[in-house]
Each structure stands twice: as C-alpha cells, then as structure tokens.
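Following: one structure in structure tokens, then a few remarks.
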Amino acid sequence: MSVLFITEPIQVEFDTPPRFRRRPHCPDRLLWRGETHHVKAVTAEWRKFTPRISKSLRRIGLARIYFRVILASGRELDIYFDPVHQKGSWFVSVEHL
C-alpha cells in the first residue's frame with residue numbers, strides 16, 4: 001500500500017459536539033477540496049505528543065490527535081486535530097492509496 005502525503009486544512013462537522021474543545025472525537029463529516037465527505041469508519045486513533053514552551057517559559061505538552069478514517073466513498077485518510085494551530089484546527093495528513 002502506498003501513501004500520499006497531503007497536509008491540507010479541512011473543516012469538520014459533528015453529529016454530537018465534542019465534550020472538550022481540545023480533545024475532540026472523530027468528526028462525522030469533513031469538508032475537503034470543496035466537497036463534503038462522510039466518515040464511514042474509524043480504523044485507528046493515536047496521539048503525537050509535541051513538547052512546547054509557553055509564554056511563561058514553562059514546558060507544556062499538547063498532543064495532535066490522529067484518526068485513520070474510511071470515507072463513504074471508500075477513500076482512506078489520516079486526519080488530525082492540532083490544538084495549537086489557530087486555537088484548534090483540522091487537517092488531512094495522508095491518503096492511503
């Protein structure tokens with residue numbers, strides 16, 4: 001299986017809003033390249049911890065939250081939530097071909 005590295009911003013929609021803004025669950029739909037895609041299944045979830053330095057020079061840790069999803073169209077993507085980028089943003093990271 002080959003992969004295509006993308007890293008493009010996306011918009012997401014939830015049927016049930018996340019309980020915590022900085023720790024969302026996988027979205028139900030994503031808007032990518034002008035089209036709405038429905039998430040059919042989540043096949044994996046993981047976190048990538050990145051230490052950062054705060055303005056007060058304290059070390060803080062924030063984790064990107066990754067989801068491997070299968071869309072209704074059959075495409076398989078890795079998407080992630082970055083809690084630091086613009087107070088929380090979503091991206092498509094990889095497409096599995």
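Which members of the stretch 1-48 meet the condition of being touching a residue at least 60 places away in the same chain (Cβ under 8 Å), surrounded by 11 or more Cβ atoms within 10 Å (Cβ to Cβ) and in contact with a His (Cβ under 7 Å, 6 or more places away or on another chain)? Listed by number, the residues that qualify are V3, L30.
Each row is one residue, and each column tells you yes or no for (1) under 11 Å from the mean Cα position of the chain (by Cα); (2) of a type in the set (S, T, Y); (3) modelled with pLDDT under 90.
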residue	(1), (2), (3)
E13	no, no, no
R23	yes, no, yes
L30	yes, no, no
A41	no, no, no
K48	no, no, yes
R59	no, no, yes
I65	yes, no, no
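For the stretch 6-51, name all the residues that are in a strand (DSSP E or B) and of a type in the set (G, A, S). Hits for the stretch 6-51 are A41, A44.
The values are calculated or read from the model by the stated rules, or taken from the named source; none is laboratory data. Small disclaimer: the values here were computed from a predicted structure and weren't measured. Heads up, the Cβs are rebuilt from the backbone with ideal geometry, glycines too, and the neighbour counts pull from every protein chain shown.
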